[in-house]
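First comes the structure, then the notes that go with it.
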Amino acid sequence: MYKIIDGKALAADMRADIKHSVELYRNEYGRDVGLAVVMVGENSASAIYVRNKIKACEEVGIKSFAYYLPQDISQEQLKEHIKALVTDDKIDGILVQLPLPDHICADEILRLIPAEKDVDGFCEENIGKLCLGEKSIVSCTPNGVMKMLERYNIPVAGKRAVVVGRSAIVGKPMAMLLLNADATVTVCHSKTVNLKEECLNADILVVAVGRAKKITADMVKEGAVVIDIGMNRDKNGKLCGDVDYEKVKEKCSYITPVPGGVGPMTITMLMHNALQTAVMRR
Ligand code: GUN
């Protein structure tokens with residue numbers, strides 16, 4: 001019988017802990033933890049994410065500074081905005097919501113954010129430290145997945161972990177975290193020759209490809225732990241993950257639902273990272 005990993009409940013627990021730590025920080029240092037959230041243009045999905053991030057800040061007592069910048073902002077203007085945030089002492093963490101408009105070179109913008117304000121864990125220094133197994137700020141979604149495995153006492157060391165998807169934000173740091181936790185890790189992607197065969201080896205299967213119900217029951221080993229990072233709409237417009245949940249769950253020991261699985265953990269880990277940047281700066 002499978003168990004559901006309840007990301008919503010775990011996220012609520014963690015937010016209560018973070019709220020307490022944010023209060024302690026304020027009492028000790030006499031200042032708020034400050035997070036800048038920068039959004040450029042009108043992307044409707046990004047607008048929802050940004051709203052949720054700001055709501056989460058309110059919930060845990062982090063002071064948010066939201067900047068909604070016009071779609072046609074120039075590269076130079078955006079750079080000036082970010083540089084001002086970098087030198088602003090009230091701001092501990094800077095998040096630039098992706099994607100940026102096509103005419104903006106995102107890499108150049110993100111490179112302006114120093115490691116100590118990089119709440120997304122995207123910069124070279126934080127990724128390099130992650131690869132070296134050193135303490136760093138870690139990309140929110142994969143970090144949230146590791147917290148889920150920990151809280152449910154799911155062993156990772158020595159297990160075969162298969163990560164499907166190799167994005168810089170999710171797949172690659174996910175693989176690195178699992179490797180750092182002593183799993184034997186395989187990373188699959190669009191050019192993988194036999195995805196089913198690779199997935200069938202997985203004790204822990206983590207999927208982040210952004211394709212509705214890509215992982216079917218015949219691709220999952222009996223007793224596997226399945227973590228679904230996808231967030232898609234199915235044919236009927238209903239929210240669904242990258243895993244065919246209804247059929248796959250019957251084969252799992254643990255599985256994350258969509259919604260209510262990894263999603264709530266991502267923003268919670270952003271709050272965790274924002275607090276971490278503040279603590280590191282003091
Ligand atoms: N857009 C989608 N996911 C993310 C994320 O984790 N961080 C940022 N900055 N933008 C995103």
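Report summary: the helix-based calculation at 222 nm, which adds -39500 (n - 2.57) for every DSSP H run with n ≥ 4 and divides by the residues of the chain, gives -13000 deg cm²/dmol. Each of V163, V138, V86 has some number of other Cβ atoms within 10 Å of its Cβ, and from fewest to most they run V86, V138, V163. Across the range 184-268 the C-alpha pair distances fall into 5 Å bins from zero in the proportions 3, 16, 26, 26, 17, 9, 2, 0 percent. Using 0.36 nm per residue and subtracting the Cα-Cα separation, the extra length available between L98 and K135 on full extension is 10.8 nm.
Of all aspartates and glutamates in the structure, the ones whose alpha carbon falls short of 18 Å from that of K235, not counting any fewer than 8 places away in one chain, are D244, E246. Over all other residues within a Cβ to Cβ distance under 11 Å of E59, the charged ones net out to +3, with Lys and Arg as +1 and Asp and Glu as -1.
Classify the range 87-130: rounded, prolate or oblate, from the alpha-carbon gyration tensor (a ≥ b ≥ c, eigenvalue square roots; a/c under 1.5 rounded; otherwise prolate if a/b is larger than b/c)? Taking the square roots of the gyration eigenvalues as a ≥ b ≥ c, the range 87-130 is oblate. Sequence-ordered 3J(HN,Hα) estimates for the range 156-173 from the Karplus curve with 6.51, -1.76 and 1.60 and θ = phi - 60° stand at 10, 4, x, 7, 7, 10, 10, 9, 9, x, 10, 5, 5, 7, 10, x, 5, x Hz, glycine and proline given as x. Rounded to the nearest 20, the Cβ-based charge dipole of the range 93-228 about its Cα centre (Lys and Arg +1, Asp and Glu -1) stands at 360 debye.
Placing pseudo-labels 7 Å out from each Cα toward the beta carbon at Y68 and H189 gives an inter-label distance of 3.6 nm.
Rounded to the nearest 0.05, the FRET efficiency derived from the C-beta distance between C105 and R211 at R0 = 30 Å is 0.60. Computed over the chain with a Gaussian network model linking Cα atoms closer than 10 Å, the most mobile of I109, I48, I267 is I48.
In this structure, Q77 and L200 have a Cβ-Cβ separation that, at R0 = 45 Å, corresponds to a calculated FRET efficiency of about 0.30. Looking at the range 120-203, the pairs of alpha carbons with a distance over 23 Å make up 20% of the total. Across all Cα atoms of the chain, the radius of gyration (one decimal) and Dmax (whole number) stand at 19.0, 56 Å.
Here are some pairs, K19/K53; K3/K213; K3/K129; which of them have Cα atoms lying more than 25 Å apart in this structure? Violating the 25 Å Cα-Cα cut-off are K3/K129.
In the range 89-239, the DSSP beta bridges split such that about 5 percent are antiparallel, to the nearest 5. A straight Cα-to-Cα reach below 16 Å connects K83 with the lysines K117, residues fewer than 8 places away in its own chain not being considered.
A short reminder: the numbers here are calculations on the coordinates, not readings from a lab. All figures in this text were calculated on a predicted structure; none of them were measured in a lab. No Cβ is skipped: glycine too gets one built from the backbone with ideal geometry, and neighbour counts run over all protein chains shown.
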